[in-house]
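Have a look at the structure below, then the notes.
Rule-based calculations on the coordinates, nothing more; no lab input. All values derive from a computational prediction rather than experimental measurement. Glycine also receives a Cβ, built like all others from the backbone with ideal geometry; neighbour counts cover every protein chain displayed.
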Amino acid sequence: MKIQPIITYITFASVLLVASCKLDNIPDPNNPSITSVTNNANTAQLQNLVTGLESRSKDYVAAAQNVFGTFGRDVWYFNSSDSRNIQFWLGLDGRKPDADFYGVNSIYVSPYQTIKQANVLISAVNNTSVVNAEQKLAYTGFAKTIQGYQYLIPANSQYQNGIRIDVSNELKPGPFVSYEEALKAIQGVLAAGYADLTKAGTTLPFKLSSGYAPFSSPAGLAKVNRALAARTAIYQKDWQVALDALNLSFFSLTGDLDLGPAHVYGAPPEPFNPFFYVLNANVSNLPVVHPSFVQDALPGDSRITKKIFVRTTPLINTVGTIPLSSLYQDKRWANNTAPIPFIRNEELILIYAEASAQLGHFEDAVTAINRIRISANLAPYTGEKNLDALIPEILFQRRYSLWFEPAGHRWFDLRRYNRLNEINVKLDAGSVFTQLERPSSEVNWDAFNK
């Protein structure tokens, strides 16, 4: 049997089909070959590649948000038709991630599919004459920005297992690199994208969805790029780099907390928002709010009333080891076409607070903390102004400001600070994982290609 790594399928799944026997060369308009768009592509083909890249870049959201949210006990993912979402993801009865761990495959696959599709766009742009040199930099800057973000998803979930960075040749993928090396490489990809965008003129030669409306220029995309670089920097514990990146991003201490790029959803062929559920409906397959999120909140915190709906009757799941019950439901999404932000100014303010505290700029950190607290209808911070006091406060505010967002903040934040033992497992009697395991297809590939 021929073994292939996950990334082998990426390009083919994106833009063409491969048959096992030789057929006449008849162009398929619905599944064009790679060479048809990477050699002398016209502007319409380039636009299709951009649109496809943006669309594919959200394929990770449903699985990542549910899985990471469950690991960090932001939510429990109730699925009455399959007990494995509870049994495996909560680590019941000694279960732990292995190479075939249930329901997490797309957290690894989808980002790499997006990375490969971005490579197709870059190749197409570099091999066409329909756009000039300055316009090409807008395309490549956008593609590299998307790539940097997508690499971060498997890097954070695989953690010390490491990930592949070099996937330019899907039949000869590069080696796995450590988490630290991966973060350094991600910063390099983002930096290359930023450099391209700063030289790409003042207007984009392509169109993006409304999710990028506030950033629909090279300068705007450069700010998104630097926001992602700031997020990456705190994973590296490179605090000054985080602050430097924030200064070039859309970060604003006084600005709209919700400002940021978003994944858009709509009618088919676009998927609907995967987290919209009718409030108070009698449903059994959805992520429910972990009760501790409400119970641990400070009195009067408006983030609870903004994000959480209190149901008339609780939702109960009995497929696991013990029954689980939650009276709370996510109410952030007005309808099934609501966009899902993937990085917001509120996160950037909290990155500023964290980096400032780590560098000893305690007054700056408190200023940022108070921006968050006051916006949540809480009194200003009155605790001690030192690192030992400020980091727990910042992590607490991140828990409530960034609850159940695509990046899996709670799980990653507690891991960054060796605080995974703070995750509440009393209600489900489960386990807390440190990372996912390397997918079996990757393990088999390396085993058969030594």
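Before moving on, here are some points about what is shown:
- Kyte-Doolittle at least 0.5, axis length at least 24 Å by Cα - qualifying DSSP helices, the chain: none
- GLU384/ALA44 FRET efficiency (R0 56 Å; Cβ-Cβ; nearest 0.05): 0.40
- Per-residue Cβ neighbour rank within 10 angstrom, fewest leading, ARG415, ARG311: ARG311, ARG415
- Backbone N atoms of segment 184-207 closer than 16 Å to the 7 Å Cα→Cβ label point of GLN236 belong to residues 184-195.
- Cross-link partners of LYS96 among aspartates and glutamates (Cα-Cα below 12 Å; sequence separation of 8 or more within a chain): GLU437
- Partners for LYS307 among aspartates and glutamates (Cα-Cα distance below 15 Å; same-chain residues under 8 apart left out): ASP74, ASP258, ASP296, ASP330, GLU346, GLU405
- If you look at the Cα atoms of segment 298-374, you get an Rg and a Dmax of 17.8, 49 Å.
- VAL425-ASN370 FRET efficiency (beta carbon distance; Förster radius 22 Å; 0.05 resolution): 0.10
- Shape of segment 39-151, Cα gyration tensor, a/c cut at 1.5: prolate
- For the options SER81, SER110, SER168, a Gaussian network treatment of the chain with springs between C-alpha atoms closer than 10 Å singles out SER81 as fluctuating the most.
- Between segment 326-378 and segment 90-128, the alpha-carbon center distance in angstrom: 27 Å
- Label sites at THR305 and THR434, each approximated as a point 7 angstrom past Cα along Cα to Cβ, lie 4.3 nm apart.
- Cα-based radius of gyration of segment 274-423 once divided by 2.2 N^0.38 Å, which approximates compact folds: 1.14
- Taking the centroid of alpha carbons for each part, segment 292-314 and segment 415-439 are 23 Å apart.
- Per-residue Cβ neighbour rank within 10 angstrom, fewest leading, VAL425, VAL224, VAL131: VAL425, VAL131, VAL224
- If you plug the beta carbon distance of ALA213 and ALA447 into 1/(1 + (r/R0)^6) with R0 = 41 Å, you get a FRET efficiency near 0.30.
- Evaluated at q = 0.08, 0.09 Å⁻¹: base-10 log I(q)/I(0), Debye formula over Cα of the chain: -0.47, -0.60
- Amide H to amide H distances under 5 Å link VAL75 with THR70, HIS290, where only residues 5 or more positions off or on other chains count and H is placed in the peptide plane.
- Here's the picture: a label point sits 7 Å out from the Cα of ALA99 along the beta-carbon direction, and within segment 431-447 the residues with their amide nitrogen under 20 Å of it are 434-447.
- Length gained when the stretch THR203-ASN335 is fully extended (0.36 nm per residue, less Cα-Cα span): 44.3 nm
- Hits among lysines - C-alpha to C-alpha of LYS237 under 24 Å, sequence gap 8 or more where chains match: LYS144, LYS184, LYS223, LYS385
- Here, P(r) means the percent of Cα pairs in each 5 Å bin from 0 to the largest distance; for segment 225-281 it is 4, 16, 17, 14, 12, 12, 12, 9, 3, 0.
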